[in-house]
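The values are calculated or read from the model by the stated rules, or taken from the named source; none is laboratory data. Not measured: the values here are computed from a predicted model. Cβ: placed from backbone, ideal geometry, glycine included. Neighbour counts: every protein chain shown. Only protein heavy atoms, including side chains, enter the accessible area calculation; ligands, DNA and RNA are left aside. Shrake-Rupley method; radii C 1.70, N 1.55, O 1.52, S 1.80 Å.
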Amino acid sequence: MKICQTIEEMHAACRVARSSGKRLGFVPTMGALHEGHLSLVRAAKTNSDTVAASIFVNPTQFSPTEDLAKYPRDFESDRALLGKEGVALLFSPSVQEMYPTGAVTWVTVEGLSEKLDGKSRPGHFRGVTTVVAKLFHILEPDAAFFGQKDAAQLAIIRRMVRDLNFPVEIIACPIVREKDGLAMSSRNAYLNAEQRGQATVLCRSLTCVRQLWETGETGPDKLLTAGLKELEKEKSVRVDYFEIIDPNSLNPVQKAEKGTLIAIAAWLGATRLIDNILL
Ligand code: AMP
């Protein structure tokens with residue numbers, strides 16, 4: 001696996017990988033890799049001739065009060081995992097390389113970026129879309145792989161790609177879960193043993209909504225009430241949002257149908273976790 005730390009080197013290596021019509025698949029990450037990330041790499045392998053990945057803890061998507069400094073980092077372990085999965089190119093730039101002094105240009109997907117996580121994390125999605133746009137320019141991938149776990153991010157990146165005519169196919173991959181249903185996340189490492197037990201309440205409340213929908217209930221209010229009731233069983237878990245929405249517009253739906261997104265974010269102590277299901 002070739003590791004590139006400069007934009008110039010990565011750009012050149014990706015150009016070579018794409019020569020003579022070869023398909024380049026790209027998996028962007030912030031590192032601290034787990035099976036969720038690796039599932040994207042495997043999807044990229046199946047779909048592309050060459051797989052590139054990036055590890056970059058992007059400071060512009062963290063607010064000053066968030067966990068940028070303590071975000072888990074383990075480059076050696078990540079490198080070994082990606083190498084084992086057959087990733088050919090790894091981009092791991094410094095912050096200065098990605099944001100040289102004087103960088104003031106942003107990519108913003110208006111409207112969508114203020115919904116869901118954007119409501120409680122102002123500026124978060126502007127940071128995400130800016131870095132993803134930059135990565136797309138640097139790597140010029142044919143396809144990029146994102147997890148359904150970050151459902152709002154996925155909708156926003158799809159919209160950016162459409163609106164700005166990026167020649168990149170966006171491929172969504174299903175959420176990978178622990179045995180007890182907890183969606184895998186680098187932030188699960190922050191949970192203590194008690195919180196780790198409580199954290200399954202997110203997926204339990206989503207399951208509760210789905211089960212009620214499967215019995216024929218389509219009213220968002222009734223479905224939400226049932227989900228919240230389940231969530232309240234864990235007294236110390238604080239809900240940030242619990243929404244029944246269209247997965248593309250991220251707007252609330254009048255009626256829950258096949259393909260409707262049920263999305264949740266909740267705090268366990270200082271850790272904010274997200275999860276979702278598509279009906
Ligand atoms: P992150 O390193 O958290 O920025 O995530 C990088 C990519 O991995 C994003 O596209 C995430 O949606 C995806 N991802 C994270 N956790 C999971 C998971 N449990 N299942 C599937 N994809 C995931």
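Can you work out the accessible area per residue across the chain, with the rest of the protein chains kept in place, probe 1.4 Å, in square angstrom? Each step should come with its number before you reach the end.
Working: 13130 Å² over 279 residues.
For the chain, the solvent-accessible area averages 47 Å² per residue.
Could you work out what % of the accessible surface of the chain is carbon and sulfur, using a 1.4 angstrom probe and leaving DNA, RNA and ligands out of the count? Numbers along the way, then the final one.
Details: 6860 of 13130 Å².
So the carbon and sulfur contribution to the accessible surface is 52 percent.
As I understand it, the value is the acute angle between the Cα axis of helix 124-139 and the longest principal axis of the Cα atoms of the chain; what does it come to in degrees, rounded to 10?
Value to nearest ten degrees: 30.
Enumerate the residues in region 141-162 having an amide nitrogen under 11 Å from the point lying 7 Å beyond the Cα of T207 toward its Cβ.
Inside the label zone: nothing.
Compute the distance from the alpha-carbon center of region 200-254 to that of region 49-127, in whole Å.
Their Cα centres are 29 Å away from one another.
For the chain, what does the relative contact order come out to in percent, with C-alpha contacts under 8 Å and a separation of six or more? Could the numbers behind the result be given before it?
On the way: 495 pairs, mean separation 48.9, N = 279.
Contact order relative to length: 18 percent.
At a Förster distance of 41 Å, what's the computed FRET efficiency of D67 paired with T218, Cβ-Cβ distance as r, to 0.05?
Working: r = 38 Å, r/R0 = 0.92.
That pair, D67 with T218, gives E of 0.60.
Using a simple charge model, +1 on the beta-carbon of Lys and Arg, -1 on the beta-carbon of Asp and Glu, nothing else, what dipole does region 96-185 show about its Cα centre, in debye to the nearest 20?
On the way: 11 positive and 11 negative charges, 57 e Å.
It works out to roughly 280 debye.
Select from G36, F62, C14 the residue farthest towards the positive end of the dipole of region 1-64; place +1 on Cβ of Lys and Arg, -1 on Cβ of Asp and Glu, and compute about the Cα centre.
Going by the Cα projections, it comes out as C14.
For region 192-279, rounded, prolate or oblate, judged on the Cα gyration tensor with a ≥ b ≥ c (square roots of eigenvalues), a/c < 1.5 rounded, else prolate if a/b > b/c?
Working: a/c = 2.36, a/b = 1.74, b/c = 1.36.
Here region 192-279 falls in the prolate category.
Taking the Cα centre of region 234-279 as origin, work out the dipole magnitude from +1 charges on Lys and Arg Cβ and -1 charges on Asp and Glu Cβ, in debye rounded to 20. Show your work: numbers first, answer last.
Details: 5 positive and 6 negative charges, 20 e Å.
Dipole about the Cα centre, nearest 20: 100 debye.
Which angle from 0 to 90°, rounded to the nearest 10, does the C-alpha axis of helix 201-214 make with the longest principal axis of the chain?
The angle comes out at about 70 degrees.
Can you give me the solvent accessible area of D180 with a 1.4 Å probe, rounded to the nearest 10 Å²?
Number for this one is 80 Å².
May I ask you to rank L191, L278 by accessible area, largest first, using a 1.4 Å probe over the protein chains only? Don't skip to the end; give the middle numbers.
Values: L191 25, L278 75 Å².
Largest accessible area first, the list is L278, L191.
Place a +1 charge on the Cβ of each Lys and Arg in the chain and a -1 charge on the Cβ of each Asp and Glu, then give the dipole magnitude about the Cα centre in debye, rounded to the nearest 20.
Values: 34 positive and 33 negative charges, 44 e Å.
Computed about the Cα centre, the dipole is about 220 debye.
Let me have the 222 nm mean residue ellipticity of the chain computed from DSSP H runs of 4+ only, each contributing -39500 (n - 2.57), with the sum over all residues rounded to the nearest 500. Please list the in-between numbers first.
Details: 10 runs with 104 residues, N = 279.
Computed ellipticity for the chain at 222 nm equals -11000 deg cm²/dmol.
Scan around M30 for amide H atoms under 5 Å from its own, H built in the peptide plane at 1.01 Å from N, and keep only partners 5 or more places away or cross-chain.
F56
With a cap of 12 neighbouring Cβ atoms within 10 Å, and only residues DSSP puts in a loop, list the trypsin sites (Lys or Arg not before Pro) found in region 1-108. If you can, show how the numbers build up before the last one.
Numbers: sites: K2, R15, R18, K22, R23, R42, K45, K70, R73, R79, K84; in loops: K22, R23, K70, R73.
Answer in residue order: K22, K70.
Once phi is turned into ³J(HN,Hα) by the Karplus curve 6.51 cos²θ - 1.76 cosθ + 1.60 with θ = phi - 60°, what whole-Hz value does each residue of region 68-73 show in order, with x for glycine and proline?
3, 5, 9, 4, x, 9
Can you give the alpha-carbon Rg of the chain over 2.2 N^0.38 Å, where N counts its residues?
Relative to the rule-of-thumb radius for its length, the chain sits at 1.01.
On C-alpha positions alone, give me the angle between the axis of helix 151-163 and the longest principal axis of the chain, in degrees, nearest 10.
With rounding to tens, the tilt is 50 degrees.
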